[in-house]
Structure formats: structure tokens, C-alpha cells
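Enquirer: Input: one structure, supplied below.
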Ligand SMILES: [Zn+2]
């Protein structure tokens, strides 16, 4: 066995990467046996992996119907059929429909922060399941999922794009194709944290474009734009405009969290 490994290590052309992959898979299986399942937030023991315990679960404020069909925000009462909020009627978005899993609050807020800034992807499988459920209608009509891109400097600093991680997870669960290279930032934007609605809109207006080599991939395609948190919708709006300008037949927006006006907190 040692001789075989040594031979592989000495000869990089003889399958080192497949050996590495096999070792990584074996390590994964071993970790599954050794690490007992626990709540992904408070580490309380559970029966299954990638889940929350009951008390952490209770802090998640899932977004349930009745919803504004355009903005995906909860409506105060059900009038039956498709309803549009006053906000969407006054200022219709470029995208067709937005849907989000839950409000940006409680344990979810901390988990999203960990995903975004903390280099911890522990919640990605749970988030993927929630997104697949909240976005079932949108994903059922989609040709492609496109994550909102980070700018190059932020990507270098964080080393990953959280929206791309969620898109890959969705692809694994639903089979809907995804492409992280469709959208690109055309200029640097300042962080949206702490900006007002109008400042956010100005900050991201015209800041996104479809990559020249990707235009054919989205022409006449129904696209689901994926982001982690929708605050004012300014980023989603700017991305949707870029996708539609490049020929997408329709753009829907799917996000993990929604910051509603009554819980206006900057992510
Ligand atoms: Zn817990």
C-alpha cells in the first residue's frame, strides 16, 4: 500500500488527484461517524445532521402567504388569488417575482453572518433546503440560477461568494443549472451597510452587466437571481435590469432573508 501511495506521490501524472479525492471522501465518512449530529447553531445533540434544534428553530420567522406576488413581502390579509402590495403597484420592480425564506432576525441573522463573513458554511445544506422550498414555484419555471456577484476585491478578501455557495447547493438539490459567471460587477460599489434606500439605489445603479461571453447562455432564458439578503431590493433591481437588457426572457429573485420596512436593519 505504502509503495503504491509513494509511487502516486512521486508521479503526479499517475492519478494523484484521484487518490487525494478518495482520501478526502474517506475522511468525510469517518468524520460523519465520529461527529454526532448537533444543532448547527447551539451544538445541542440532535438525531440528524444539518438541522436546528427546536428552540433555535422557533426564532426563525418564516415568510408565509399571503404575499405580494411581485415583492414577496407578507400582506396583512388574504384577499384570495394573486395580490400586489401598494408598494409594488406604486413602483413595480424590473423582476417578475421575489421570494424569500424568512425575515432577517434571530438565529438566522447570526447564521447568515457566519456564512457571509465568518468563513463557516455549516448552514449551507439547511439553507439550500429552505431555498428549494420557498422558491419551488420560481425554480420550477427556471432555466438557470444566477448568483449576485461580489466585487473582485471583496471576493479576494472573503475567498468565496455566499450567493454562489447557495446556488451550488440549490443545483445539487433541484438539478436547476447555475452559472456564477453570468453577472459581473462593472465598477466598485461601497458597502450597502448603513445606506438609505435612495443611496443604495444610486450606489448599485448600472453596477452590473452580463459577461460578454455569457450573453448567449441567458438569451430567452428564465433566470432566477439568487442572493442571501434582500434589504431594499436595489441590488436585485440592478441585476435584474442587466439580465433583461442582455435578453433574459424573465427574471425572478430568490433570497434567504428579507429585511422588511418594519424590521429595517442593515445586514
Ligand atoms: Zn439550537
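Only the coordinates and a few stated rules stand behind these numbers; no lab work does. Source: prediction; values computed, not measured. Cβ placement follows ideal geometry from the backbone for every residue including glycine, while neighbour counts extend to all protein chains displayed.
Enquirer: Taking 7 Å along the Cα-to-C-beta vector as the label spot, tell me the residue 50-residue 113 distance in nanometres, rounded to one decimal.
Expert: Distance between the two pseudo-spin positions: 2.5 nm.
Enquirer: Which order, highest average first, do 105-114, 34-43 follow once you tally other Cβ atoms within 10 Å for each residue and take the mean per peptide?
Expert: Listed from highest to lowest mean packing, they are 105-114, 34-43.
Enquirer: Right, next: Mind listing P(r) for region 61-263? All alpha-carbon pairs, 10 Å bins, whole percents.
Expert: Bin by bin from 0 Å, the calculated values are 9, 37, 40, 13, 1.
Enquirer: Contour minus end-to-end for residue 105 and residue 122, with contour as 0.36 nm per residue of separation and end-to-end as the Cα-Cα distance?
Expert: The residue 105-residue 122 span can extend by a further 4.3 nm.
Enquirer: Roughly how far apart, in whole Å, are the Cα centres of region 213-234 and region 163-177?
Expert: About 14 Å separates the Cα centre of region 213-234 from the one of region 163-177.
Enquirer: How many nm is it between the label spots at residue 22 and residue 58, if each spot is 7 Å from the Cα in line with the beta carbon?
Expert: 5.0 nm
Enquirer: Still on this structure: At q = 0.23, 0.25, 0.29 Å⁻¹, what is the base-10 log of I(q)/I(0) for region 222-261 according to the Debye formula with one equal point scatterer per Cα and no solvent? Please give it to two decimals.
Expert: -0.70, -0.79, -0.96
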